[in-house]
1. Quick check: anything in the range 323-333 part of a helix (DSSP H, G or I), small (Gly, Ala, Ser) and buried (at least 22 other Cβ atoms within 10 Å of the Cβ)?
2. Can you find even one residue in the range 93-103 that is out of contact with any strand residue (DSSP E or B) (no Cβ under 8 Å at 6 or more places or on another chain), buried (at least 20 other Cβ atoms within 10 Å of the Cβ) and not basic (Lys, Arg)?
3. Condition first: modelled with pLDDT of 80 or more, small (Gly, Ala, Ser), surrounded by fewer than 21 Cβ atoms within 10 Å (Cβ to Cβ) and assigned by TED's automatic domain parsing to the domain that holds Leu301. Can you find one or more residues in the range 222-235 that meet it?
4. Hey, among Leu11, Leu16, Leu65, which residue is out of contact with any Cys (no Cβ under 7 Å at 6 or more places or on another chain), farther than 26 Å from Val186 by Cα and not β-branched (Val, Ile, Thr)?
5. Output the residues belonging to the range 288-308 that are of a type outside the set (Val, Ile, Thr) and over 18 Å from Ala259 (Cβ atoms).
6. For the range 271-290, give me each residue that is more than 14 Å from Met381 (Cβ to Cβ) and either free of Cβ contacts under 8 Å to residues at least 12 places away in the same chain or more than 19 Å from the chain's Cα centre (by Cα) (or both).
7. Give me the pairs: first residue in the range 322-336 and closer than 22 Å to Ser279 by Cβ and modelled with pLDDT under 85, second residue outside any helix (DSSP H, G or I) and among the aromatic types (Phe, Trp, Tyr), beta-carbon distance under 9 Å, and six or more apart or on different chains, which are they?
8. Test of understanding: among Gly36, Gly84, Gly72, which residue is touching a residue at least 40 places away in the same chain (Cβ under 8 Å), assigned to a helix (DSSP H, G or I) and not charged (D, E, K, R)?
Amino acid sequence: MNRSSGFRSALGFVVLLGIVSLFADANYEGGRSVAGPYLLVLGITPAILGIASGAIDFFQYLGRLIAGWWVGRSGHSWRVLTLGYMLNLFALPALVFTHQLIGALGLLFLERLGRGIRNPVKNNLLAQAGDELGHGRVFGLYEILDQTGAVLGPLFVGFWLLRHSLRMTFATLAIPAVLSMLWLWVAYRYRPQSASEAAGSGSDAQPSGNDRTRIRRFRTWAALIAAASGTYIFIGYALIAHDHWTYAQVAGGFALAMAMDGIGGLFLGILYDRIGFRSVYAFPVSLAASIALIFWGQLWLVWLGIGIWGLQLGFAETVIPAMFGQIIPRGSRTRLFGSLGFLTGLSGLLGVGVMGVLYALNPAWTPVWSLALAAIAIFIMMRCGWLESSKSE
């Protein structure tokens, strides 16, 4: 296969995976947008909801770790990817059959577990395409398609609820689920040779000593960034409780963040391919600035902070995996993507917990956590040398 045909094949494959994700996001983001009210209908208490929501998110990160290890040992990347999508896509439509709280919670656990299982395999396939197209462009293109589904899904659910019941709304989620699986079959059918079933089990599966040092430093940096970022659930809560925003304003803020996530992910990915690891230096600064503006700024500065927060989310979901895909050995990408996802997910949960404690003590103290972690992340970037020693693929 010559370079031109290889380029077209890789680009088409990324677009196909992006369409798969578009319908998948429409499915689970649409369902999760009304999962809380449905649990309320089934009689959940606030205390159980808080514990369960944290445990459900943890299942996603546990799924990433398990999937990365599984594919690393078996090489069955497409089988694991298909299993992950099936759990992820059909758990929420099955809520139409639930009448008790325990059953609904079980399906929500399965949905997050499925998303976690497919994540490292998907990142590995995108990184393979990035070897041909440029890692930033690949993850950026995928992200904008992904976020398109994340916006359309809740809008579809909200429109459907104008005329139909909450329970029947979950049944409609089977439509994007089936479409996503059909496009996944098309992606498998037209996958490039590099995206074979045995991807992830190569002779370079074990990183060298120098690679291990760089990987460890990168994961430390990524964990700090994850712990400093917070979540929009927490940000929305603070805007309601502290700044007295309306629910409509909070929803509008989330829409702004998601739009900036998708658009920013694409352009920041292209920027990364142009200037390489130097593009990373501004990331901790913008992250700390976004949290500071949200918690310390006046109304228009809060909106600016939310927009920047969405940009850094696009950076985290585009450039960080693109960077990681370049500094790790190709044969161990799935396993290491899985371990990175578990580490950053756990760090994010712990980090937002600390932000919650600081907010309870004094809301003005909350950005101090993000500012401190961003400063440590910059120190690691400046002193450890893993940026300057980037290798070309």
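The values are calculated or read from the model by the stated rules, or taken from the named source; none is laboratory data. Predicted model only: the values in this text are computed from it and were never measured. Because the Cβ atoms are built from the backbone with ideal geometry, glycine has one as well, and the counts that use them run over all protein chains shown.
1. Scanning the range 323-333, I find at least one residue that is part of a helix (DSSP H, G or I), small (Gly, Ala, Ser) and buried (at least 22 other Cβ atoms within 10 Å of the Cβ), so the answer is yes.
2. Taking every residue of the range 93-103 in turn, at least one turns out to be out of contact with any strand residue (DSSP E or B) (no Cβ under 8 Å at 6 or more places or on another chain), buried (at least 20 other Cβ atoms within 10 Å of the Cβ) and not basic (Lys, Arg).
3. The answer is no, given that none of the residues of the range 222-235 is modelled with pLDDT of 80 or more, small (Gly, Ala, Ser), surrounded by fewer than 21 Cβ atoms within 10 Å (Cβ to Cβ) and assigned by TED's automatic domain parsing to the domain that holds Leu301.
4. That would be Leu65, the only listed residue that is out of contact with any Cys (no Cβ under 7 Å at 6 or more places or on another chain), farther than 26 Å from Val186 by Cα and not β-branched (Val, Ile, Thr).
5. Once the filter is applied, which keeps residues that are of a type outside the set (Val, Ile, Thr) and over 18 Å from Ala259 (Cβ atoms), the range 288-308 yields Ala288, Ala289, Ala292, Phe295, Trp296, Gly297, Gln298, Leu299, Leu301.
6. Passing the criteria: Leu271, Asp273, Arg274, Ile275, Ala289.
7. Hits for this filter: Ile327/Trp386.
8. Selected residue: Gly72, the only one of Gly36, Gly84, Gly72 that is touching a residue at least 40 places away in the same chain (Cβ under 8 Å), assigned to a helix (DSSP H, G or I) and not charged (D, E, K, R).
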